[in-house]
1. Could you please give the count of residues in the range 528-549 that are open to solvent by 20 Å² or more (accessible area, probe 1.4 Å) and within 14 Å of Asn499 (Cβ to Cβ)?
2. Could you please find all residues in the range 777-792 being farther than 14 Å from Leu693 by Cα and either buried (at least 21 other Cβ atoms within 10 Å of the Cβ) or charged (D, E, K, R) (or both)?
3. Counting only residues that are in contact with a strand residue (DSSP E or B) (Cβ under 8 Å, 6 or more places away or on another chain), among the aliphatic types (A, V, I, L, M) and closer than 14 Å to Trp813 by Cα, how many does the range 430-471 have?
4. Would you call Glu361 in contact (Cβ under 8 Å) with a residue 24 or more places away in the chain, part of a helix (DSSP H, G or I) and either farther than 28 Å from Ala144 by Cβ or of a type in the set (Lys, Arg) (or both)?
5. Identify, by number, the condition in (1) surrounded by fewer than 23 Cβ atoms within 10 Å (Cβ to Cβ); (2) touching a residue at least 24 places away in the same chain (Cβ under 8 Å); (3) over 14 Å from the mean Cα position of the chain (by Cα) that Phe247 doesn't meet.
6. Any idea how many residues of the range 411-422 are assigned to a loop (DSSP other than H, G, I, E, B) and surrounded by 13 or more Cβ atoms within 10 Å (Cβ to Cβ)?
7. For the range 783-829, which residues satisfy the criterion of being farther than 30 Å from Gln213 by Cα, in contact with a Ser or Thr (Cβ under 6 Å, 6 or more places away or on another chain) and not in a strand (DSSP E or B)?
8. Looking only at residues in the range 260-301 that are charged (D, E, K, R) and within 28 Å of Gln451 (Cα to Cα), which one is most open to solvent (accessible area, probe 1.4 Å)?
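The values are calculated or read from the model by the stated rules, or taken from the named source; none is laboratory data. Keep in mind that what you see is a predicted model, and the values were worked out from it rather than measured. In this analysis, Cβ positions are derived from the backbone assuming ideal geometry, glycine residues included, and neighbour counts consider all displayed protein chains. Remember, those area values only see protein heavy atoms, side chains included, never the ligands or the DNA or RNA. Shrake-Rupley method; radii C 1.70, N 1.55, O 1.52, S 1.80 Å.
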Amino acid sequence: MRKIYLAGLLLFTTIILSAQNIPSPKQFLGYELGEHFTPTYKIDNYFKAVAAAAPSMVKVQQYGTTNEGREMLAAFISSAQNIQDLDKIRTNNLRLAGILHDGTTADVNAPAIVWLSYNVHGNEPSSSEAAMKVLYALVDPNNAETKKWLQDVVVVIDPCQNPDGRDRYVNWYNNAVGKKFNADPQSREHDEPWPYGRTSHYNFDLNRDWAWQTQIESQQKVKLYNTWLPQVHVDLHEQEYDAPYYFAPAAQPFHEVVTQWQKDFQLIVGKNNAKYFDAKGWLYFTKQIFDLFYPSYGDTYPTYNGAIGMTYEQGGIGAGLGVKTSTGDTLTLADRLLHHYTSSISTIEATAMNAHKLVSEFKTYFDNNVNGIGLDNITYVMTSSDQNKIEALRRLMELNGISYGVTSTDNFSGYNYFDNKEEPFKNEGYQIAVNTLQPKGRMVKVLFEQQSKLVDSATYDITSWSMPYCYGLNSWAVKTKLPLSAYPAPATITPVQSNYGVLIPYTSIEASKILAALLNDGIHVRFAANPFTYDGKAFGSGTLIVLKGKNDVAWLDAVNKYCSQYHVQPYSVQTGFMDAGADFGSADVHYIKTPRVALLTGNNVSHIAAGEVWSYFDNVLNYPVSQLDADHLDDINLQQYDVLIMPDGMYPILNDKDVASKLENFINNGGKVIALESGAAKLASFDWAGLQLNKDTSQSSDSIVQNKYANAERSSLTTFMPGSIFKVQLDNTHPIGYGYPDFYYTLKMDVRTYANISNGWNVGILPAKAYVAGFVGSKIKSRLKEGVLIGEKRFGSGDIIIFNDDVLFRQFWQNGKMLFANAVFFAGE
């Protein structure tokens, strides 16, 4: 008894002494929060200092590293007992969710977990400042109220989800501001330069990447998140600086899988936040703009994974340390962080007051998933003749903690996504099956359903993302639970030996990666323009042909190395004489010149679109690309490049006739331009390009129509198409279409199509009945004309290639990646 007493006294004394040494943000930083922007490393160091001073209450974990080498941290804050039992709380939470099965019964009387994520958009920086204030309030020895909450709650703080973007903004701002901030909105410190701090290193919006995890920052964050699965998650943002504060309840549309309790608790939190904001006289709004539909946000992803997911938005983008608003008030950084601090503390309080209910409902959510309550189709089955296409989807399932397998039988029927009807399953060689009767069942439904139901079309983002179309996989939705077997390990790739050459099938983006790697190594590669047969085996258009010829002596080692790395089985060939089809000396076999690729970037080019292409070359193809500032086109020597990429952008520099003539000469002399979205439309504005946009032939009425002012938002939806899926008729005999069937599913975000391309090829055509899924405004439907979406125009000795839609959209639109590689390496060859 005496030993227990002494141990308890020692623990109590240690806690008291540590608490007395806990630094406040001002003591640590040397300035009051809000006086300066704090670099990310100092924020990290503050969290570490508090953890060192109060180890019984705070644990800091580095969960990742950004592309630029910055740390990504999470802090866990709770009572001394809860911190001591922290991993027990985590594993118990996974038992509650049905994720962990270790024979131990889950305890529903456990603490609730509330996760606060700050600063996912780098130029929305006030929330990371607020995170330090929240941390100190939780550990401050003089704050008895927070200590009471921490008996029932574990608080997780991610102080900065996007350190690279934050530091890009903060470093720029600290360089632009004087001794005192200038509140004049026209002052330079409120005019952030391209590519802005909002996005990550590769200019990706990390708040659209939770489910897809195309970026390393998202992968590391979501991996940690899925080992905890909190009951409450808040993502704290900023919006334009004239806007009042926004907090939950969210706006419609809610996806139908959102439960009544999830809606109810949003209201509880909203009212609690309102209590504090009303007391201070701070304006706010709820139930508008920010909906719960697209699955890859920092509020929806947690929601579809059992949490109460919420977004909070403080006015402040572009405000710097202080700015004069349209009402004449000066909004300061100190104001902004105080608002975020208040909503954060209010949310922790509401969580503590409802901890038992939150944990109980959390368990019910996952129990209902396992039992199929509120879920329609039970099993989704995807099949392909190329295992790499299946593997791409399997990796996404792994990243999201979704269980999968293969069906034990092929004898079943279901709704076929490609044929749009009920029909028997046809196994194309490889398959993967995902069942909704699992803990992640609602997430499965959201990702795989053919058409998501919209109760309100005024949504904040794209309205369709169905995985079968995104991955280009023939799929069946089955309303019964099919027995699943374990997913088999991919077959081992067998190296080949040949003194003549090797054939590499070209049926997935993995083959494109092999091509890029071989070209990088200086290996000579050819491709077959038409199908052929060798040694009784059929090979399709685009098959890569690597011959010993004049290649380096290590050519075969390189082929085997990259085929093994990207999991494509090569085939040895001993002669250039084919069983059927063109022999290797035929004009139908083309040599691939190693292209020198450049990407236009800078002002008036979408930083998001440019980032997609940059990341695609850097992280998908691992192929060099030179980033050029479009505004300097008049000074750039384009003859150093073979391929010039024009992502979505306005390109006012091309309004200069001399610069436009320079681009024309580049193409005429053998250059290739690949233009996407409005970049393609810009090219179409030049007569010499020979491209013509289809005109809107919808008839306007001469009669006077009185549109109701109050219905302005609703009326605008008739011309709204935020992202819907259409089936494109694809010419797969054209090099851009190699490796595809005769169709492709595109994510379309506008009504733009092109007229017939003369002296060229209409590679991808939007037919009359192309709509598949997603919201399309009633007036837009009548304006969507048959037309060209993907095309190649021969121009002199060069080529113009257009993609009207973004085939690399957020880099999660998997099935578009090979189209782009084909345009770079094959088209025009």
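1. 3
2. Lys779, Lys781, Glu792 - these are the residues of the range 777-792 that are farther than 14 Å from Leu693 by Cα and either buried (at least 21 other Cβ atoms within 10 Å of the Cβ) or charged (D, E, K, R) (or both).
3. Number satisfying all stated conditions: 2.
4. Yes; evaluated as a whole, the condition is true for this residue.
5. Phe247 satisfies every listed condition except (1).
6. 3
7. Arg783, Lys785
8. Lys287
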